[in-house]
Amino acid sequence: MPRLATLILVVLLAGCAKSPERAALDKANAFLDEGHVQAARDMVESYLRQHPDSAPLLRMRVVVLLREAQLDEAALAMQQIPAGRSIVPEILRHRDRVVREGAAKLISSHPTANEFHELVRALDDSDFWVRGYCAHALGQLGNPAALKPLFRLLSDDNWFVRAEAAAAIGKLGDARAVGWLVQLLADPDGNVRYSVERSLYELATEPARPLLRRALEWAAPAQQFYIAVALARIHDPAALKPLAEAVQDKDPEIRREAAQSLGECGLMEGTNTLSVLLRDTDPTVREQAQTALSEITSGGQK
């Protein structure tokens, strides 16, 4: 009987003992928590040299590389993980902010459809880089279901997040977003305004025409120009007046863009304004005006 009890105790203790794999993983995590990133990497690589097929340590290698901001190496390491459970939830929800930032940045360059829900979830992350990069990734995916989650970020406290959300919304192709975006044309940050301007242009399709026209009516004069640039893409005559008024703008880039948009609008009524821009003090404006005039006169009224 004592021998049986001893045997049971030995079996129980053996079951409770950590495997070498588990021990290596725990030690690597402890090093990371203490800020000893190189020690964590050394631990992972040491174990993998003896057990190159260890899935938990291959996953841990990705985490360590993200913590080191070695994104190219992390991307390669992700490819070495055996097929099965995705590592994306693990790295986008990691307790270490730097790991989450690296993961979001890495995924934003080449997102895949099966990561969609994790990306949406990460829009609520406490770190603004994570929110911004995940917004960018959702724009790359182009899934219309991202529209409402991205809309919430248009009022984010951080300019990077607002800019990425505005840019992503433009890529979704939903004309209903026009009204939301127009309100951000007055954003205090120039990066945000630029993203909004580009998105309005991307959304300028026939379904968006009435929304853009309505926005043009109630927008402040300072914002009307960029709505007109979008309307010019669909050859709408409502674009002509704001574009003509831009002739007096002090910024030569605005005048050059006005000339470009008048050419894209393609209406003969815009040639009078282009004639004025042909005498502009800036050579790039004059060159663009000449190009626009040629486009209109050679193609006729569209």
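Worth a mention:
- Positive-end residue, the stretch 16-155 charge dipole about Cα centroid, Cβ charges, pick of A77, Y133, L147: L147
- Computed over the stretch 93-228, relative contact order equals 18 percent, with contacts defined as Cα pairs under 8 Å that lie 6+ residues apart.
- In degrees, nearest ten, helix 252-265 long axis to first principal axis of the chain (Cα): 80 degrees
- Of the whole protein surface, M78 contributes about 50 Å² of accessible area at a 1.4 Å probe radius.
- Relative contact order (%) - criterion: Cα under 8 Å, at least six apart; region: the stretch 50-124: 28 percent
- Taking the Cα atoms of the stretch 59-176, the ratio Rg/Rh between the radius of gyration and the Kirkwood radius comes to 0.97.
- Normalising the Debye intensity of the chain to I(0), with uniform scatterers on Cα atoms only, and taking log10 at q = 0.16 Å⁻¹ returns -1.13.
- Taking 0.36 nm per residue of separation and subtracting the Cα-Cα distance, full extension of the segment from A69 to E245 would add 58.5 nm.
- Distance histogram in 5 Å bins (all Cα pairs of the stretch 107-153, percent per bin): 5, 26, 40, 23, 6
- Top positive-direction residue, dipole computed over the chain with Cβ charges, set G170, P52, S294: P52
- Of the solvent-accessible surface of the chain, computed with a 1.4 Å probe and all protein chains present, 54% belongs to carbon and sulfur.
- Rounded to the nearest Hz, the phi-derived 3J(HN,Hα) couplings of the stretch 275-286 under the Karplus curve 6.51 cos²θ - 1.76 cosθ + 1.60 (θ = phi - 60°) are 4, 5, 5, 5, 9, 4, 6, 9, x, 5, 5, 4, where x marks glycine and proline.
- Gain in span if fully extended, N143 to Q79, counting 0.36 nm per residue against the direct Cα distance: 20.6 nm
- Compared with the alpha-carbon gap, the fully stretched path from I234 to N191 is longer by 13.0 nm at 0.36 nm per residue.
- When only the Cβ of Lys, Arg, Asp and Glu is charged (+1, +1, -1, -1), the dipole of the stretch 232-284 relative to its Cα centre reaches about 80 debye.
- In order along the stretch 97-108, the phi-based Karplus estimate (6.51 cos²θ - 1.76 cosθ + 1.60, θ = phi - 60°) of 3J(HN,Hα) comes to 4, 5, 5, 5, 4, x, 5, 5, 5, 5, 5, 5 Hz; Gly and Pro are listed as x.
- Helical runs (DSSP H, four residues minimum) scored at -39500 (n - 2.57) apiece and divided by the length of the chain put the mean residue ellipticity at 222 nm at -21000 deg cm²/dmol.
- A DSSP coil position with no more than 13 other Cβ atoms inside 10 Å describes the following trypsin sites (Lys or Arg not before Pro) in the stretch 69-128: R85, R95.
- Spin-label model, D282/N114: points 7 Å from Cα along the beta carbon direction are separated by 4.9 nm.
- Crossing angle, helix 128-141 versus the chain [Cα axis fit, 0-90 degrees, rounded to tens]: 70 degrees
- FRET efficiency estimate (nearest 0.05) - Cβ-Cβ, D124 to E45, R0 30 angstrom: 0.30
- Only Cα pairs under 8 Å and 6+ residues apart enter the sum, and on that basis the relative contact order of the chain stands at 8 percent.
- Sites matching trypsin sites (Lys or Arg not before Pro) across the stretch 212-290 that sit in DSSP coil, with at most 10 neighbouring C-beta atoms within 10 Å: K250, R279
- Lysine pair number, Cα distance threshold 18 Å (strictly under), the chain, separation 8 or more or different chains: 4
The values are calculated or read from the model by the stated rules, or taken from the named source; none is laboratory data. Since this is a predicted model, take the numbers as computed values, not measurements. We place every Cβ from the backbone using ideal geometry, glycine too, and count neighbours over all the protein chains shown. Ligands, DNA and RNA are stripped out before the accessible areas are found, and what is left, the full protein with its side chains, is counted by its heavy atoms. Shrake-Rupley method; radii C 1.70, N 1.55, O 1.52, S 1.80 Å.
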